[in-house]
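Trainee: One structure is given below, represented as structure tokens, and several questions about it will come after.
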Amino acid sequence: MIKKEIRSFGKLQDGREASLYTLSSENITVRISDYGATVVAIMLKSPCSGEYKDVVLGFDSIGEYERDSSCFGSVCGRFANRIKNGHFKLDANEYSLSINNNGNHLHGGFEGFHKKLWKAEFSSNDSLSLSYVSPDMEEGYPGKLEAQVTYSIIDDSSLSIEYKAISDRDTIVNLTNHSYFNLSGHSSGNILSHSLILSSGSYTRIDETGCPDGEILPVTDTPFDFRNPHLIGERINDSHPQLIAGHGYDHNFIIEIENSKSSVQGLPLAATLIENNGNRCKTSLVMSVYTDKPGIQLYTGNFIPSGICGKSGAKYGPRHGVCLETQHFPDSINHPHFPSPVLRAFQKYSFRTIYQFSHIER
């Protein structure tokens, strides 16, 4: 049985009230704010101690989320990740977007979906649905877009995120969740000892601004090969030009179903993250990511501000969390050989991602 709660999360600078919603079962509790449709906490029960551990970075107050520039836990849109020079052409029309990151457009701009107050309501099937209507030409995007994100706990072990959208004009859409995961606990320091497996044999090369340049590179014999488990920190400081360009990992990996080892509810396995820090229970927490999106961004929190104060006074810094953002490829609208992010008028955008948690013995 899923328990549901709602409480105030404080007032925004403009006086509007933000709320904090909770979905909980025996082994998992998820807290979500309507500001940015943000995952504030994912708390998992230890099979040994019975205590709960929060595995996502975040803040205790809505004011800190308003000031945050790292998109902790939020839904990014209308187009997550980067668009080169903030410019794209759709059919015969050219569009210019706000420039907010190294000469590019990032995560929907200065006032992307992560900075919006969504309308939230619990649904009859024990889920939380949040909706936001983005006006025509907001941040430069064509079309009035009605977006909906639904969070659900399934099987007492997983968080499902379902993304839906519809527009009254042809537009582009790319929604993702930007949670920073640390399976040892949000306050436990860096994630370099976590192991990672990716169902991917190739990734999109980035330029000096962090934006894909159109080239797709094989991972074989490079620090980008995670088809077998590797520690995140094992090769992150190598001299590979792409690691230098990204200041670590900040790259889109192409999900390949043939490299996926399993599926859940029809969604192929894209990534597996494994905690390796010791604990007295001698178990490791595992997070498996399943999705029907074509790409996944591995971002190792390279630009988290050093010393930033998080939940319960925790001090965060670079590489204290890892993002596994399921997505369309960055800048895909400007590369015809990438999967298209175009949403035609009155067609339905629909994708889903499941974060499944389990424990294994070491």
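FYI, it's all coordinate maths here, none of it is from the lab. Please read these numbers as outputs of a predicted model, since none were measured by experiment. Heads up, the Cβs are rebuilt from the backbone with ideal geometry, glycines too, and the neighbour counts pull from every protein chain shown.
Trainee: In a GNM of the chain with a 10 Å cut-off on Cα contacts, which of Ser284, Ser124, Ser19 has the highest mean-square fluctuation?
Mentor: Greatest mean-square fluctuation among the candidates belongs to Ser124.
Trainee: On to the next question. Quick query: amide H of Gly317 versus all other amide H atoms, modeled in the peptide plane; which residues come in under 5 Å with a sequence gap of 5 or more or a different chain?
Mentor: Gly307
Trainee: When the Karplus curve 6.51 cos²θ - 1.76 cosθ + 1.60 is applied with θ = phi - 60°, which whole-Hz ³J(HN,Hα) does each residue of region 185-192 get, with x for Gly and Pro?
Mentor: Coupling constants for region 185-192: x, 4, 9, 8, x, 6, 9, 5 Hz.
Trainee: Next question, about the same structure. Going by amide H atoms built from the backbone, whose H comes under 5 Å of the H on Phe79, apart from near neighbours?
Mentor: Under 5 Å from the amide H of Phe79 lie the amide H atoms of Gly108, Asn174, each far enough along the sequence or on another chain.
Trainee: A follow-up question, please. Return, in residue-number order, each cysteine of the chain whose C-beta is not under 4.7 Å from any other cysteine's C-beta.
Mentor: Among the cysteines of the chain, those whose Cβ sits 4.7 Å or more from every other are Cys71, Cys76, Cys211, Cys309, Cys323.
Trainee: Run the quick spin-label model on His87 and Lys4: label points 7 Å from Cα toward the beta carbon, then report their separation in nm to one decimal.
Mentor: 4.7
Trainee: Please list the non-local residues whose amide H lies under 5 Å from the amide H of Tyr35, H modeled 1.01 Å from N, same-chain partners needing a gap of 5 or more.
Mentor: Ser19, Trp118
Trainee: Would you please name the GluC sites (Glu not before Pro) within region 23-113 that are DSSP coil residues with at most 15 other C-beta atoms within 10 Å of their C-beta? The partial results should precede the final answer.
Mentor: Numbers: sites: Glu26, Glu51, Glu64, Glu66, Glu94, Glu111; in loops: Glu26, Glu51, Glu111.
Answer in residue order: Glu26, Glu51, Glu111.
Trainee: With θ set to phi - 60°, apply the Karplus curve 6.51 cos²θ - 1.76 cosθ + 1.60 along region 325-340 and write out the HN-Hα couplings as whole Hz, x wherever there is a Gly or Pro.
Mentor: 8, 6, 6, 6, 5, x, 6, 5, 5, 9, 9, x, 7, 7, x, 6
Trainee: Report the GluC sites (Glu not before Pro) located in region 117-190 that are in a DSSP loop and have at most 13 other Cβ atoms inside 10 Å of their Cβ, or state none.
Mentor: Sites meeting the loop and neighbour criteria: none at all.
Trainee: Let me ask you something else. Say R0 is 51 Å: what FRET efficiency, to the nearest 0.05, do Ile360 and Glu94 get from their beta-carbon distance?
Mentor: Values: r = 51 Å, r/R0 = 1.00.
Calculated transfer efficiency: 0.50.
Trainee: Percent of Cα-Cα pairs per 10 Å bin, from 0 to the last occupied bin, for region 250-362, please list those.
Mentor: 12, 31, 34, 17, 5, 0
Trainee: A further question on this structure: Quick check: Cα centre of region 103-174 to Cα centre of region 35-74, how many Å?
Mentor: 19
Trainee: Quick one: 3J(HN,Hα) in Hz for region 118-128, Karplus 6.51/-1.76/1.60 with θ = phi - 60°, rounded, Gly and Pro as x.
Mentor: For region 118-128, the Karplus-derived couplings read 7, 8, 10, 7, 6, 9, 5, 9, 6, 10, 10 Hz, x marking Gly and Pro.
Trainee: Using 0.36 nm per residue, how much length does the chain from Arg235 to Asn102 gain when fully extended, once their Cα-Cα distance is taken away? Each step should come with its number before you reach the end.
Mentor: Details: separation 133, 0.36 × 133 = 47.88 nm, distance 2.54 nm.
Length gained between Arg235 and Asn102: 45.3 nm.
Trainee: Rounded to the nearest Å, what's the spacing between the alpha carbon centres of region 265-298 and region 317-353? Just the number, please.
Mentor: 19
Trainee: What nm value, rounded to one decimal, do you get for the distance between Glu121 and Glu64 when each label is placed 7 Å out toward the C-beta?
Mentor: 3.2
Trainee: Can you work out D for the chain in µm² s⁻¹ from Stokes-Einstein, where Rh is the Kirkwood radius over C-alpha pairs, the temperature is 4 °C and the viscosity is 1.567 mPa s?
Mentor: In µm²/s, the coefficient is 63.
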